[in-house]
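Notes follow once the structure below has been shown.
The values are calculated or read from the model by the stated rules, or taken from the named source; none is laboratory data. Quick caveat, the model's predicted, so the values are computed rather than measured. Using ideal geometry, Cβ is built from the backbone for each residue, glycine included, and neighbour counts are taken over all protein chains shown. Please note that ligands, DNA and RNA were not included when accessible areas were found on the heavy atoms of the full protein model with its side chains. Shrake-Rupley method; radii C 1.70, N 1.55, O 1.52, S 1.80 Å.
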Amino acid sequence: MGSTHIVTDLGFGDAGKGTMTDAIARRCSSPPLVVRHNGGAQAGHRVVTSDGREHVFAQFGSATFVPGARTLLSKNFILHPPGLIAEHKHLASIGAFALDRLSIDERALVITPYHQAMNRLREAARGADVHGTCGLGIGETVADWLDGMERDTVRAEDLRSVGTIRGKLIGVRNRKLEQIEALLPGLDPANNDLAVIRDATSIDRIADIYEAIGKNLCIVSSDEAERLVRETEHVIFEGAQGVLLDEWYGFHPHTTWSTTTTENADKLIRWAEREGPVRRLGVLRAYATRHGQGPFPTEDAKLTEMLGDPENTDGGPQGRWRVGWFDVPLAQYALRACPGITELAITCLDRIVNVPGWKVCVDYDPGLILTAKPGDLAHQEQLTRVLSNHCNPKYAYAMTDPVGYVRQLEAMLGGLPITVTSFGPTAEDKRWR
């Protein structure tokens, strides 16, 4: 009997979507199809195998270590071709030959170097008022498409034709040249990203590179993409980022240009007319984390020091790695944004055992209840101000015994079952209920 899973991070990202996708895939009776239904190359889904191999998945599905498992980059995915090839080479070096198991929907948007440079320039021009970014051009690419720039939008299907790519690159670069004029007062004239956009000689080089990559990719029609989703026995929809960073439910402007809820996955399931029940797994760490700017009510400097993560470090355009106590109100907010979640997974339980005085945020003083208004960015920005300046967490002490702690979290989150608990990075470290 087939199965359908949607794996969704209910926090600010980094909760363990990759390791959960890998673990689910290993329980399937036949090799699954992993569908990346949102986001793009900014993902960093770390998977460690029992034989010691390790990879941080960005564009390939996190089940790639499972023999025969395939990846579909859906029409909602934002593709970065050079990054894809670099990732393929690392996977091949550790025995996971992934490129021949990859399919890309021809409608997927493609990032160009001009989008990446402009993304970083916008953030640099904000000075102290940064939004937080990975600097990979995701938002810039999506913004151009939303602004009606379809004529110059590079899609996966365009990678078959160097002429098409070259023409669209000219349009993208010309638009970025116009846009940087307004940013110049806030930029260092020696900024390397300015040189990237101003360099007209780069167009032919980029077009040639992208076409060469395209010749090695399996780019499929929308009908074929839907057939894969409909007919593969086991399908896992692997989300990127977290619900609290969602473009509409997140706390503006510290959000991603992507729908991080289950919405895209549910649409793909309906469009493909895939039958059968859907298990929607929400993933949370045993404590709260956030990488980069934005409100974080339960942040604790001592906890950040105690629970530092070598895979998530300070520096770069993304900013600081931050740790806080488990935040029940924010988890409840994320669950309201994803009303179809059927079960939960709690990761990193092994890390809390030796932390004295473990506690959980159970409410905010003065009794704040966070209510989203999707599509109303002014309202979402007001929530950002409330969480940043007028939110006092109310704590209750919790058990550090993992079994007791999980039972407490189940009760605090309305009885939603916690069906998976994780005590380490490998599939073997997962316990299933």
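The magnitude of the dipole of segment 228-298, with charges of +1 and -1 set on the Cβ of Lys/Arg and Asp/Glu and taken from the Cα centre, is near 240 debye. Model label points for GLU381 and ARG27, set 7 angstrom from Cα along the Cα-to-Cβ axis, are 4.3 nm apart.
Each label was represented as a point 7 Å from its Cα along the Cα-to-Cβ direction; for SER161 and ALA128 these points are 5.1 nm apart. Here's the list of lysines a cross-link from LYS168 could span, going by alpha-carbon distance under 30 Å and ignoring same-chain residues fewer than 8 apart: LYS75, LYS89, LYS176, LYS215, LYS267. Determine by what factor the alpha-carbon radius of gyration of segment 46-86 differs from 2.2 N^0.38 Å, reporting the quotient. Working it through for segment 46-86, the quotient is 1.26.
In square nanometres and to one decimal, what's the mean projected area of the convex hull around the Cα atoms of the chain?
If you wrap the Cα atoms of the chain in a convex hull and average its projections, you get 20.3 nm².
For a test of the definition: using alpha carbon positions, the gyration tensor, and the 1.5 limit on a/c, classify segment 137-283 as rounded, prolate or oblate. In terms of gyration-tensor shape, oblate. Near THR64, once Lys and Arg are set to +1 and Asp and Glu to -1 for all other residues with Cβ below 15 Å from its Cβ, the sum equals +2. Only beta bridges with both residues in segment 285-395 are counted; by DSSP, about 75 percent of them are antiparallel. The portion of the accessible surface of segment 312-416 made up by carbon and sulfur, rounded to a whole percent, is 52 (1.4 Å probe; DNA, RNA and ligands excluded).
For the chain, the solvent-accessible area with a 1.4 angstrom probe is 41 square angstrom per residue. Taking each of LYS302/LYS394; LYS17/LYS394; LYS359/LYS430; LYS359/LYS394 in turn, the alpha-carbon distance tops 21 angstrom for LYS17/LYS394; LYS359/LYS430. Of the whole protein surface, PHE423 contributes about 50 Å² of accessible area at a 1.4 Å probe radius.
Distance between the pseudo-spin-label points of VAL403 and GLU231 (7 Å out from Cα toward the beta carbon): 4.8 nm. Using the Cβ-Cβ distance between ALA92 and ASP365 with R0 = 56 Å, the FRET efficiency computed as 1/(1 + (r/R0)^6) comes to roughly 0.55. This model, with +1 at the C-beta of Lys and Arg and -1 at the C-beta of Asp and Glu, gives segment 199-251 a dipole about its Cα centre of some 80 debye.
Arrange the peptides 199-208, 110-119 so that the one whose residues have, on average, the most other Cβ atoms within 10 Å appears first. Can you show the working numbers first?
Numbers: 199-208: 14.4, 110-119: 25.1.
Order by mean packing, descending: 110-119, 199-208.
Rg and Dmax of segment 13-63, based on Cα coordinates, read 10.8, 31 Å.
Just so you know, the Cα atoms of segment 100-172 work out to an Rg and Dmax of 13.8, 44 Å.
The DSSP beta bridges internal to the chain are antiparallel in roughly 35% of cases. In a DSSP loop and with at most 16 other Cβ atoms within 10 Å, the GluC sites (Glu not before Pro) in segment 303-401 are GLU311. Remark: the GLU410-LEU146 segment gains 91.1 nm on full extension, using 0.36 nm per residue and subtracting the alpha carbon distance.
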